[in-house]
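Take a look at the structure set out below.
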Amino acid sequence: MTVETSSPPPSHEPLVMDRQALNHRLPAVVDELVRSVHAEPRMQHLNRVLLPSRDAAVQCIGMLQQLAFPGYFGKQGLTTENLPFRVGELVIELTDLLYDQVRCCVRYREKLPGTTERGRECDACDLEAARIVTTFLERIPEVRALLATDVQAAFDGDPAAQSTDETIFCYPGLFAIFVQRFAHEFYKMKVPLLPRIMTEYAHSRTGIDIHPGAKLGRSFFIDHGTGVVIGETTEIGDNVKVYQGVTIGALAPAFGQLLRGHKRHPTIEDDVVIYAGATILGGDTVIGRGALIGGNVFITSSVPPLNQVSAEPPKLKYRDRRPKGRVAEVLDFQI
Amino acid sequence: MTVETSSPPPSHEPLVMDRQALNHRLPAVVDELVRSVHAEPRMQHLNRVLLPSRDAAVQCIGMLQQLAFPGYFGKQGLTTENLPFRVGELVIELTDLLYDQVRCCVRYREKLPGTTERGRECDACDLEAARIVTTFLERIPEVRALLATDVQAAFDGDPAAQSTDETIFCYPGLFAIFVQRFAHEFYKMKVPLLPRIMTEYAHSRTGIDIHPGAKLGRSFFIDHGTGVVIGETTEIGDNVKVYQGVTIGALAPAFGQLLRGHKRHPTIEDDVVIYAGATILGGDTVIGRGALIGGNVFITSSVPPLNQVSAEPPKLKYRDRRPKGRVAEVLDFQI
Amino acid sequence: MTVETSSPPPSHEPLVMDRQALNHRLPAVVDELVRSVHAEPRMQHLNRVLLPSRDAAVQCIGMLQQLAFPGYFGKQGLTTENLPFRVGELVIELTDLLYDQVRCCVRYREKLPGTTERGRECDACDLEAARIVTTFLERIPEVRALLATDVQAAFDGDPAAQSTDETIFCYPGLFAIFVQRFAHEFYKMKVPLLPRIMTEYAHSRTGIDIHPGAKLGRSFFIDHGTGVVIGETTEIGDNVKVYQGVTIGALAPAFGQLLRGHKRHPTIEDDVVIYAGATILGGDTVIGRGALIGGNVFITSSVPPLNQVSAEPPKLKYRDRRPKGRVAEVLDFQI
């Protein structure tokens, strides 16, 4: 067999591999990879419409944060005078970015046949994208008004908060709610992918996983937040407080995809408090107005209004560890 | 009504919206947003002193990491010879950044009347900022000495750790403790905002939420760490180990803001181990020296020294799932 | 005492510290820091071989993501025609980066005497690095094939998933598994540091902590994922589903470092489902094929195949909160 100098040598002795030999293997590595891409259609996106970009979504969230909380993020030194210019600048930038992203999503939703041409014709998609972005932009003031109630709720609810400024700056719960409220606007307009990319970015930063489909009331407060899960068809009333590690989820998805589209998650009415680690499951479960759900409570059925539910704490066993002549005794405690 | 060509047309037909029409709407969108900003004072920071910047705080943490663990992060190839130059360079950069940030915080604390001029006079603030930064810089060696005990504790405590290098490089618990120990220095000097921005950055990266106010002893080890919450007035002794999902928190903040400033979180004495998912609550709760707190234990009262506390595990129910003629049986298991 | 103008004045009055005086202190601060670095060998990496870089590891993960899921991340507009070029470009870039990183790791493993010269001779290390990188690159298609089963499992397992595209784009569980499967390849070849840096990056982004040593079967699905911990010597079969907050861990590491290298974590057989918050501990614990482990179950012994295990839920106490003349009653509920 003739081997050209530039092609990979038929080396089968891994131990004499050096950097040069590694380079010679690369063409074969590339061939194998290309073959592997064609072999597995679920793992590639070839010859198809452009997808939205996670980076662009993250950028949009940054601009929305500046618009929602002007003066806290982004450029410093905002005044009554320069505010309209800064807002104008941000709105124009955001519009460009969102229009591109939403157009990708709408074309994706329409299952357009594959193309990579940016200019590919789908006039209906473009009109739909323009309509969605306009509606979204016009909704920002209303979302801001909701967020103001969340800011106040975070300050009122946490004795460690020194100011509402601190809650805006630092509170991961507020960040997750901020992202979800905007993502929810896209969800309502049936934009695919983008809303979930947005909330998963918040999940990544905060450990708080609120599906963009969840309906959140006013003055919602999540403290600490790591591990919170709030499912797609959850409905949450006003003045609800949730602590870290709370799951508002579905019962076991025994029928998996069959449940898609049904109400699978609980309804939480106004003025409910859910303490850390509680789990509330099921689409028929309603936590009535003013109920208090204790830490680590596990609930799969409804709770009447104005009830407090606590788990009878497991009996604790105490044992003296003072060594009776044997130091090793300390070591036999298992978790 | 006369409408200029450049102003938004009074369009009320959302379905014929195209990109052009969207652009025409933007001036109205901006007006609405500006109105919304003025309507909600809790959600804007206009005409007021400059705020610290989250990005700058993150940069400071990066430099502190290089100073605390030289040779592990940042520039490679540190030697005995070039170390002083690299440290000098970092200290100067860090000082500039910190001075600006701390000055913002002090001016914020003094509730200076609004201004956006960077040069606005507050000589007392500037002196205070210089004093705080100097004290902070002079404290770095002592904080490093504490961190060295944490590095050793992480290696000793985890059989999966291959070297102390690995714990410095990879352990999220060490990162969270590193950030908190430095943030705590600012907290002690009553710098607002900055310490919390720092610990919330660590929280975001690690899922470990240690309030900058918490007092941590030597040789503190947090394993895995996701979901750990350690409250503001917590006191932790030496050689304490904490596993993932542990909360050292306050009892229900029934009186909310009224509790601000009081001791609301437990005291953990030396040599205590707290296993995964345990919850310890209350400002009067003291976990005595050498106690072991079992996984998922829920405690709201003190534990004497050298005791081990475990929750009587809930009885487990086992059920055979082997189908007796019906495959569907597999599906009726709910969580 | 004569003080030169450029040296720090012997100031002991912290209250008259200004920016100028702060600058004068800096040389002393630097001296103290350098002294502190020399005093604590566990906290510096001086005069030693180059270490791998976290930033470079993160870059590698980005490129692997583009190779594993072409068209979803990185450059848009992939087609059958341009795919080989894009793959080729990525493979070459990745090879350069990986070779450098792996070489650092191998030299580190060989405990080479200190040097900062990049060109320091260790021919055996360089050959070993080339061998490792070649093996790794040749394994990518097989890892992709495994990942394709994970993508399908995520879609099948979650009724909220709208498409496999969404699972690739958004699901933190898939991201964590993707990183672990590649890190595991380096772990198998005994590369130190790098694999753990990779999985801790995934941990940081997702709250899912899978040690690079864990053996994962096909079609592995982790839903939500925050708080999941999967230990080093865990073995997981095919078609396993795990929900948020699940720990597959070791019993109390009473003997700490003595356990290093032993099987300390459970074996999970095929078709097992583990619901949220369950804890499964111990190297002898085997969860038999087809078992269902209920939420919050705490298990330290084996479960036979086709069994379902659920914790008898703690009794819930309900109490009416309706005020009987006293509003304050609402306030005495403690967690």
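Points worth noting:
- Residue in the stretch B:289-297 that is surrounded by fewer than 20 Cβ atoms within 10 Å (Cβ to Cβ), in a loop (DSSP other than H, G, I, E, B) and more than 8 Å from every other protein chain (Cβ to nearest Cβ) present: yes
- Residues being more than 9 Å from chain A (Cβ to nearest Cβ), of a type outside the set (D, E, K, R) and within 22 Å of C:Val58 (Cα to Cα) - total across the stretch C:133-174: 6
- Within the stretch B:36-53, the residues that satisfy the criterion of being assigned to a helix (DSSP H, G or I) and either touching a Gly at 6+ places or on another chain (Cβ under 8 Å) or more than 7 Å from every other protein chain (Cβ to nearest Cβ) (or both) are B:His38, B:Ala39, B:Pro41.
- Within the stretch A:165-188, restricting attention to residues that are touching a residue at least 24 places away in the same chain (Cβ under 8 Å) and over 18 Å from the mean Cα position of the chain (by Cα), the residue that is surrounded by the most Cβ atoms within 10 Å (Cβ to Cβ) is A:Ile168.
- On inspection, C:Ile268 fails the criterion of being crowded, with 24+ Cβ neighbours inside 10 Å and closer than 23 Å to C:Val102 by Cβ.
- Among the residues of the stretch C:74-100, those that are farther than 16 Å from A:Asp31 by Cβ and either modelled with pLDDT of 95 or more or in a helix (DSSP H, G or I) (or both) comprise C:Glu93, C:Asp96, C:Leu97, C:Leu98, C:Tyr99, C:Asp100.
- Exactly one residue among A:Gly261, A:Gly225 is open to solvent by less than 10 Å² (accessible area, probe 1.4 Å), farther than 26 Å from C:Glu312 by Cα and under 20 Å from the mean Cα position of the chain (by Cα), and that residue is A:Gly225.
- Members of the stretch A:247-264 found to be within 13 Å of chain B (Cβ to nearest Cβ), out of contact with any Pro (no Cβ under 9 Å at 6 or more places or on another chain) and modelled with pLDDT of 85 or more, listed by number: A:Thr247, A:Leu251
- Qualifying residue in the stretch C:154-164 (condition: touching a Ser or Thr at 6+ places or on another chain (Cβ under 6 Å) and touching a residue at least 40 places away in the same chain (Cβ under 8 Å)): yes
- For the stretch C:269-288, a residue qualifies if it is in contact with a Gly (Cβ under 6 Å, 6 or more places away or on another chain) and not in a loop (DSSP other than H, G, I, E, B), and exactly one does: C:Leu281.
- Cross-chain or 6+ apart pairs with Cβ under 7 Å, the stretch C:297-312 first and within 11 Å of B:Pro313 (Cβ to Cβ) and modelled with pLDDT under 90, then in a loop (DSSP other than H, G, I, E, B) and not polar (S, T, N, Q): C:Ala311/B:Pro314; C:Ala311/C:Gly294; C:Ala311/C:Val297; C:Glu312/B:Pro314; C:Glu312/B:Lys315
- Look at (1) in contact with a Phe, Trp or Tyr (Cβ under 8 Å, 6 or more places away or on another chain); (2) open to solvent by 10 Å² or more (accessible area, probe 1.4 Å); (3) within 14 Å of chain C (Cβ to nearest Cβ) and you find that B:Tyr201 fails only one, number (1).
- For the stretch B:123-181, filtering for residues that are in contact with a helix residue (DSSP H, G or I) (Cβ under 8 Å, 6 or more places away or on another chain), among the aliphatic types (A, V, I, L, M) and not in a helix (DSSP H, G or I) leaves 1.
- Test: residue in the stretch B:98-113 that is open to solvent by less than 10 Å² (accessible area, probe 1.4 Å), within 30 Å of B:Leu127 (Cα to Cα) and out of contact with any Cys (no Cβ under 9 Å at 6 or more places or on another chain): yes
- Residue check for A:Gly225: assigned to a loop (DSSP other than H, G, I, E, B), at the interface with another protein chain (Cβ under 9 Å from one of its Cβ atoms) and without any contact (Cβ under 8 Å) to a residue 40 or more places away in the chain: no
- Residue list for the stretch C:301-323, restricted to those being open to solvent by 70 Å² or more (accessible area, probe 1.4 Å) and more than 7 Å from every other protein chain (Cβ to nearest Cβ): C:Pro323
- Residue list for the stretch C:38-49, filter: surrounded by fewer than 21 Cβ atoms within 10 Å (Cβ to Cβ) and in contact (Cβ under 8 Å) with a residue 24 or more places away in the chain: C:Leu46, C:Asn47, C:Arg48
- Qualifying position, being modelled with pLDDT under 95 and surrounded by fewer than 23 Cβ atoms within 10 Å (Cβ to Cβ), among B:Ala145, B:Ala161: B:Ala161
- Residues in the stretch A:59-73 that are more than 9 Å from chain B (Cβ to nearest Cβ), open to solvent by 10 Å² or more (accessible area, probe 1.4 Å) and more than 21 Å from B:Pro27 (Cβ to Cβ): A:Gln59, A:Gly62, A:Gln65.
- Only one entry of B:Leu33, B:Leu26 meets the criterion of being modelled with pLDDT of 90 or more, under 29 Å from A:Leu94 (Cβ atoms) and surrounded by fewer than 18 Cβ atoms within 10 Å (Cβ to Cβ), and that entry is B:Leu26.
- Test: residue in the stretch B:116-124 that is open to solvent by less than 30 Å² (accessible area, probe 1.4 Å) and at the interface with chain C (Cβ under 9 Å from one of its Cβ atoms): no
- Here C:Glu232 passes the criteria (1) part of a loop (DSSP other than H, G, I, E, B); (2) among the acidic types (Asp, Glu); (3) under 18 Å from A:Arg42 (Cβ atoms) except the one numbered (3).
The values are calculated or read from the model by the stated rules, or taken from the named source; none is laboratory data. What you see is a predicted model, and the numbers here were worked out from it, not measured in a lab. Because the Cβ atoms are built from the backbone with ideal geometry, glycine has one as well, and the counts that use them run over all protein chains shown. Surface accessibility is based on the protein's heavy atoms, side chains included, excluding ligands, DNA and RNA. Shrake-Rupley method; radii C 1.70, N 1.55, O 1.52, S 1.80 Å.
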